[in-house]
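Student: Below is the structure I would like to discuss, written out as structure tokens.
The values are calculated or read from the model by the stated rules, or taken from the named source; none is laboratory data. For clarity, every value in this text was computed on a predicted model and none was experimentally measured. When we count neighbours, we look across all protein chains shown, and the Cβ atoms used for this are built from the backbone with ideal geometry, even at glycine. Surface accessibility is based on the protein's heavy atoms, side chains included, excluding ligands, DNA and RNA. Shrake-Rupley method; radii C 1.70, N 1.55, O 1.52, S 1.80 Å.
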Amino acid sequence: KKSEVSEVMTKADIKPKSMHRAKVWSDDVENLYRFQQAGYRDEVEYKQVKQVDEVECWPETGFVKKLQRRDNTFYYYNRQRECEDKDVHKVKVYVY
């Protein structure tokens, strides 16, 4: 599934207008959690920094599968949910 991030990507170096914390878990929150664990704001920033068009995702769930950190080490993620309920409030949701 294509996210709305792809359309936002056309403008280079976009900054978020605002940020709020996630309240409930969702697929989007799960992916944001994975990007933030790897040291990025979200998919937009990851694609800008790493100069990639696609992020590798699990076909079954659509969750991010593999991310490259800024120091070039890789994070590998499971098919299933990794962001536990106790961590949901730590996830930052950016609005563009």
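Student: Would you work out what percent of the accessible area of segment 24-95, with all protein chains in place, is carbon or sulfur (probe 1.4 Å)?
Tutor: Working: 1930 of 4110 Å².
Whole-percent figure for carbon plus sulfur exposure: 47.
Student: So, one more: Whole number in Å², please: accessible area per residue of the chain, 1.4 Å probe, ligands, DNA and RNA not counted.
Tutor: Working: 6230 Å² over 96 residues.
Ligands and nucleic acids excluded, the result is 65 Å² per residue.
Student: In debye to the nearest 20, how big a dipole does the chain give about its Cα centre with +1 on each Lys and Arg Cβ and -1 on each Asp and Glu Cβ? Present the calculation step by step, with values, prior to reporting the outcome.
Tutor: On the way: 20 positive and 18 negative charges, 60 e Å.
So the magnitude is around 280 debye.
Student: Rank 29, 93 by accessible area, highest first, at a 1.4 Å probe radius? List each step's numbers first, then the result.
Tutor: Details: 29 10, 93 30 Å².
The ordering from most to least exposed comes out as 93, 29.
Student: What are the ³J(HN,Hα) couplings of segment 47-62, residue after residue, when phi is run through the Karplus curve with 6.51, -1.76, 1.60 and θ = phi - 60°? Round to Hz, x for glycine and proline.
Tutor: Those phi angles translate into 5, 5, 6, 8, 6, 10, 8, 10, 9, 5, 10, 6, x, 5, 10, x Hz.
Student: What residues have an amide H closer than 5 Å to that of residue 93, excluding those fewer than 5 places away on the same chain, when H is modeled at 1.01 Å from N in the peptide plane?
Tutor: Distant-sequence amide H within range of residue 93: 20, 21, 22.
Student: Now a separate question. Among 35, 74, 63, which one shows the highest mean-square fluctuation when the chain is modelled as a Gaussian network with alpha-carbon springs under 10 Å?
Tutor: Per the Cα network of the chain with a 10 Å cutoff, 74 tops the list.
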